[in-house]
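Just below is one structure, and these are the notes that go with it.
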Amino acid sequence: MSSIHYVLSCACFQLLLLLFVAKHAVSSGRIAETLPGFSGALPFKLETGYITVNESELFYLFVESQGKPEQDPVLVYLIGGPGCSALNGFFFQTGPLILNETDYAGGLPKLMYNPYTWTKTSSIIFIDAPVGSGYSYATSSGGYYITDTESAAQTYSFLRNWFNDHPEYKNNRFFIASDSYSGIITPVLAQAIIDGNEAGLQPQINLEGIISGSPHISHALEANSRILLCYHLGLISKTVYESAKNSCNEDYLGIDSSAECLEYLEEIDECIDPINEENILEPKCAELIPKQSDGKKFRRSLRATSRNSHFPILSRQDYWCRNFDYKLLDIWANNKTVQDALHVRNGTIKEWYRCNNSLAHNTYTYNIGSAADYYQNLTNSGIQVLLYSGDHDLVVPYTSTLEWIEDLNLTVDYAWRPWFVDGQVAGYTLRNEYHGFRITFATLKGAGHSPTEYKPVECYKMFERWIHYYPL
């Protein structure tokens, strides 16, 4: 993105903000003391509700910190997709509950407490955003059509009104946490908060930093880095890699490529097609939906797998797939007693999807080609950033994240080194800075896309240290 395009993008975004904050939001948060499938009262405070933003009713789950809520930071957690539900983060990533999938025999899945929930030391707002995700809905058909920049503006309006309704948290440190595709929304939202604070908009949001796992920033950058990582992981030969590199000029998107380049790209596809690209160490399982005919949109939507009622229920002893765990969440979240316990409004959605494929491929417009320039602008803000990636993820390769971090031309605070959990190497980390702005980057050894799903212990330790100012 050129500087002039960045300025124009910011100007358009400011106009969107004015439109989204024009109406005051209405909140209807209620406490959920129990949940179907969990034995007894919940050992944490859970509030659920909706906030109205123009024609959108955005559903959220708020879990208050189990530590010192009056002091601990508040996070908004943005799920990837676009179009994946807040429950995906609540159960599989950083939230306080997990599904008991080991002995599932039918019926409503059982729930268990997650000992590595990030809510042990922070309060988290899990939000179904953009509209059309999870239990969120629009009051008009046109409300479901949304772009990257509109999604960021919508979330910013949600946050300002959420803090209006929860003034007791306004002075807490605030962080934007995100996963996968929402990585491209995160720096745009951060800039909106900074601009709003400088303009005197109330309430002021005490933004201190960003936490982003498998952060999507640029489709082109990630697609090109993927080939290099495939070579380093031993998925393609040196001969094929070097031949593709030379004939494609290190541009592997296949646009205006020579016949020779396309031939080598086909060879590479034959090698990696049988691989699970989210984590090459796990089996490649049947998708819950058929592949899309629009290949470009399919590639742009990260992790946009949806619910299919014909997906077979297999026992864990037969053949384990991560999709099995996702299917259990489909069963739980579509149960009427569950929706009543979560205070979901009757009749607002026909069916709950873990990831809404219709939104990702039909009504969502991907209008931010790269968010790197937003991060470049944030280097003047003094905020703190934690980025983390699985080192076996081909969807958003960690090498692509390292590449755009290097392009920020920051000063090296500490160079590449291992970091440890319980005396063992959990991954590798580095930190760069510029006049108070710091980016800490960490890999999770053996993890795939959305590392919290693969390495919950290590991810919690990483988060706990970083959020409390300790080095990894």
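Kindly list, by first and then second residue, each pair from a residue in segment 36-60 that is closer than 14 Å to Leu342 by Cβ and part of a loop (DSSP other than H, G, I, E, B) to a residue that is of a type in the set (Val, Ile, Thr) and open to solvent by less than 50 Å² (accessible area, probe 1.4 Å), limited to pairs with Cβ atoms under 8 Å and residues at least 6 apart or on different chains.
So the pair list comes out as Pro36/Val338; Gly37/Val338.
Which of the residues belonging to segment 318-371 are hydroxyl-bearing (Ser, Thr, Tyr) and under 23 Å from the mean Cα position of the chain (by Cα)?
Matches in segment 318-371: Tyr326, Tyr353, Ser358, Thr363, Tyr364, Thr365, Tyr366, Ser370.
Can you name the residue in segment 403-424 that is surrounded by 13 or more Cβ atoms within 10 Å (Cβ to Cβ) and among the aliphatic types (A, V, I, L, M) and is also nearest to Ser214 (Cα to Cα) among such residues?
Ranking the candidates gives Ile405 first.
Would you say Gly390 is without any contact (Cβ under 8 Å) to a residue 60 or more places away in the chain, among the small types (Gly, Ala, Ser) and surrounded by 15 or more Cβ atoms within 10 Å (Cβ to Cβ)? Reasoning before the result, please.
Values: without any contact (Cβ under 8 Å) to a residue 60 or more places away in the chain: no; among the small types (Gly, Ala, Ser): yes; surrounded by 15 or more Cβ atoms within 10 Å (Cβ to Cβ): yes.
For Gly390, the condition - without any contact (Cβ under 8 Å) to a residue 60 or more places away in the chain, among the small types (Gly, Ala, Ser) and surrounded by 15 or more Cβ atoms within 10 Å (Cβ to Cβ) - is not met.
So which residues in segment 431-461 are outside any loop (DSSP other than H, G, I, E, B), closer than 18 Å to His392 by Cα and either in contact with a strand residue (DSSP E or B) (Cβ under 7 Å, 6 or more places away or on another chain) or open to solvent by less than 50 Å² (accessible area, probe 1.4 Å) (or both), if there are any at all?
Phe441, Ala442, Thr443, Leu444, Pro451, Thr452, Glu453, Val457, Glu458, Cys459
Kindly list the number of the only condition in (1) in a helix (DSSP H, G or I); (2) modelled with pLDDT of 95 or more that fails for His361.
Only one criterion in (1) in a helix (DSSP H, G or I); (2) modelled with pLDDT of 95 or more is unmet by His361, namely (2).
If you take just the helices (runs of 4 or more DSSP H) that sit entirely in segment 159-258, which of them hold at least 3 residues that are of a type in the set (S, T, N, Q) and surrounded by 15 or more Cβ atoms within 10 Å (Cβ to Cβ)?
Working: elements: 186-198, 219-232, 238-248.
Result: 186-198.
If we keep just the residues of segment 308-339 that are at pLDDT 75 or above and of a type in the set (D, E, K, R), which is most open to solvent (accessible area, probe 1.4 Å)?
The residue in question is Lys336.
Which of the residues belonging to segment 107-120 are assigned to a loop (DSSP other than H, G, I, E, B), open to solvent by 10 Å² or more (accessible area, probe 1.4 Å) and touching a residue at least 12 places away in the same chain (Cβ under 8 Å)? If you could, list the steps in order and put the result at the bottom.
First pass over segment 107-120, keeping only residues assigned to a loop (DSSP other than H, G, I, E, B): 107-110, 114-117.
Cutting the leftovers down to open to solvent by 10 Å² or more (accessible area, probe 1.4 Å) gives us 107-108, 110, 114-116.
Residues satisfying the conditions are Leu108, Lys110, Asn114, Tyr116.
I'm trying to understand the selection: among the residues of segment 462-472, which are part of a helix (DSSP H, G or I), farther than 14 Å from Gly427 by Cβ and not hydrophobic (A, V, I, L, M, F, W, C)?
Of everything in segment 462-472, just one residue is part of a helix (DSSP H, G or I), farther than 14 Å from Gly427 by Cβ and not hydrophobic (A, V, I, L, M, F, W, C), namely Glu464.
Would you say Ser400 is of a type in the set (S, T, N, Q), part of a strand (DSSP E or B) and open to solvent by less than 50 Å² (accessible area, probe 1.4 Å)?
no
The values are calculated or read from the model by the stated rules, or taken from the named source; none is laboratory data. What you are looking at is a predicted structure, and each value in this text was computed from that prediction instead of being measured. Here the Cβ is made from the backbone with ideal geometry for all residues, glycine too, and neighbour counts use every protein chain on show. Heavy atoms of the whole protein, side chains included, go into the accessibility calculation; ligands, DNA and RNA do not. Shrake-Rupley method; radii C 1.70, N 1.55, O 1.52, S 1.80 Å.
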